[in-house]
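Trainee: Have a look at the structure that comes next, please.
The values are calculated or read from the model by the stated rules, or taken from the named source; none is laboratory data. Every value quoted in this text rests on a predicted model; they were computed, and no experiment measured them. Backbone-built Cβ (ideal geometry, glycine too); neighbour counts: all protein chains shown.
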Amino acid sequence: MTPRENLISCYRRQGCETAPVTFGLCPSLRAEFQRRYGEVKPEDHFGFSSRLVLFSHPTHRVVPDWQRWYAEPLRPGTRFSYWGIAHEPGSDAAMHMTRMRHPLIQVETVAELQAYPWPDFSRVDLPNLRAQVAAIHAQGCAAHGGMEMTIWEVSWYLRSMERMMQDMVDDDSKATWLFDRTTEIACQRAQAFALADCDVIGLGDDVGTQRGLMMSPAMYRRWLKPRLAAVIQAARAVKPEILIQYHSCGQVTPLISDLIEAGIDVLNPVQPECMEFSEIFAKYGDRLSFNGTIGTQTTMPFASPDQVRDLVHRNLRLAGRRGGLVACPTHLLEPEVPWENIEAYVEACRTAW
């Protein structure tokens, strides 16, 4: 099998020849990788099975003056996402960490939401997306369209979590309008990835904390589940066989059945600090595949290389060669992770069977 064929077969639980490898590096670890291996990319050096497809699109005909949506002055060096969400710079020790500011936190009417300068996803550069996917396929790799932060996270990033939850509890029309708008945009993006022939679309919204859900299952089912299903249906209307991976950190066990009903194929990251993979796999492994399970709060920074290898082997052997698991770190690898543990993870994937 090519890496692409192997990954797709793994996620479909139809057998895999090798255990796929994947992880993300923070800036300091990426610099360490380059010190060790030169200018080659980690995904090429370690043979990742998939590559990310970057969404190229015209976001605004004229770049808005985002500052006018913020009551307080923002620190020098603040950058804005195409949503207008401000990210103030963090410390030098964690340059990729920022303080998020919310442009819609003071909005009081639906009319103000409608007047906001929303990014335009209706004029997608589809030839660019298709060229990216074709180049990835030519390498023998799977194309992954990344649009995690799909509905809930985009909405509360704009509004703030406190105001967004208050609007939901109050059954405020602003919540309905904002969720509908972010869902509409997510459907446009998902369809574009499907039209470009991506193999996997990564959706997701963090709805779990380390102790439980951010909201009740009933609230999730009312506000978010049908909108997630609509995004998945939009992609599958174009490419029925496309794989849907869903990301949520934290404890999301009470929602797994809902996520399956909404149409997901793969759950990421099954955070081991609050979810036990063996239990989840025993209950849902016949209907769902998994990506993650190797803790970035615990195992990767603080375990020994032998302990890393043991955990990777244990999880992969639970799933077996039928597939259903891409064992990998549950999130970005941060500066505390010893390089030896990264090498141990890769070695474990290559020697699992």
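Trainee: Suppose the filter is farther than 25 Å from His331 by Cα, over 17 Å from the mean Cα position of the chain (by Cα), modelled with pLDDT under 95 and part of a helix (DSSP H, G or I); does Pro127 pass it?
Mentor: Numbers: farther than 25 Å from His331 by Cα: yes; over 17 Å from the mean Cα position of the chain (by Cα): yes; modelled with pLDDT under 95: yes; part of a helix (DSSP H, G or I): yes.
Yes; evaluated as a whole, the condition is true for this residue.
Trainee: Follow-up. Just name the residue that is surrounded by the most Cβ atoms within 10 Å (Cβ to Cβ) out of those in region 221-261 that are of a type in the set (Gly, Ala, Ser) and touching a strand residue (DSSP E or B) at 6+ places or on another chain (Cβ under 8 Å).
Mentor: Looking at the filtered set, the residue picked out is Ala235.
Trainee: I'm trying to understand the selection: among the residues of region 1-55, which are touching a Leu at 6+ places or on another chain (Cβ under 9 Å) and of a type in the set (Phe, Trp, Tyr)?
Mentor: Selection gives Tyr11, Phe23, Phe33, Phe55.
Trainee: So how many residues does region 336-353 have that are part of a loop (DSSP other than H, G, I, E, B) and either at pLDDT below 95 or surrounded by 19 or more Cβ atoms within 10 Å (Cβ to Cβ) (or both)? If you could, list the steps in order and put the result at the bottom.
Mentor: Narrowing region 336-353 to residues part of a loop (DSSP other than H, G, I, E, B): 336-338, 351-353.
Those left that are additionally either at pLDDT below 95 or surrounded by 19 or more Cβ atoms within 10 Å (Cβ to Cβ) (or both): 337, 352-353.
Of the residues in that region, 3 qualify.
Trainee: So which strands (runs of 3 or more DSSP E) stay within region 1-103 end to end and still have 2 or more residues that are modelled with pLDDT of 95 or more and not aliphatic (A, V, I, L, M)? Steps first, answer last, please.
Mentor: Details: elements: 50-53, 86-89, 98-101.
Hits in region 1-103: 50-53.
Trainee: If you don't mind, another one. Would you point out the residue of region 1-52, among those that are buried (at least 16 other Cβ atoms within 10 Å of the Cβ) and among the hydroxyl-bearing types (Ser, Thr, Tyr), that is nearest to Arg350 (Cα to Cα)?
Mentor: Looking at the filtered set, the residue picked out is Thr18.
Trainee: Are any residues in region 257-297 in contact with a Phe, Trp or Tyr (Cβ under 6 Å, 6 or more places away or on another chain) and either at pLDDT below 95 or not in a loop (DSSP other than H, G, I, E, B) (or both), and if so, which ones?
Mentor: Those that are in contact with a Phe, Trp or Tyr (Cβ under 6 Å, 6 or more places away or on another chain) and either at pLDDT below 95 or not in a loop (DSSP other than H, G, I, E, B) (or both): Leu259, Val266, Leu267, Ser289, Thr293.
Trainee: I've got another one for you. Residue under question is Leu228, and the condition is that it be among the aliphatic types (A, V, I, L, M), outside any helix (DSSP H, G or I) and under 15 Å from the mean Cα position of the chain (by Cα); does it hold?
Mentor: Numbers: among the aliphatic types (A, V, I, L, M): yes; outside any helix (DSSP H, G or I): no; under 15 Å from the mean Cα position of the chain (by Cα): yes.
So Leu228 does not fit the description; no.
Trainee: Here's another thing I want to ask about it. Name the residue that is nearest to the chain's Cα centre (by Cα), counting only residues in region 298-307 that are under 21 Å from Leu332 (Cβ atoms) and outside any helix (DSSP H, G or I).
Mentor: Taking region 298-307 and keeping what is under 21 Å from Leu332 (Cβ atoms), we get 298-303, 305, 307.
Right, trim to outside any helix (DSSP H, G or I) and you get 298, 303.
Working: Thr298: 20, Ala303: 25 Å.
Looking at residues that are under 21 Å from Leu332 (Cβ atoms) and outside any helix (DSSP H, G or I), I get Thr298.
Trainee: Here are Gln166, Gln114: which of them is part of a helix (DSSP H, G or I), in contact (Cβ under 8 Å) with a residue 60 or more places away in the chain and either surrounded by fewer than 18 Cβ atoms within 10 Å (Cβ to Cβ) or hydroxyl-bearing (Ser, Thr, Tyr) (or both)? Give the steps one after another, and end with the answer.
Mentor: Details: Gln166 fails: in contact (Cβ under 8 Å) with a residue 60 or more places away in the chain.
When all the criteria are applied, what remains is Gln114.
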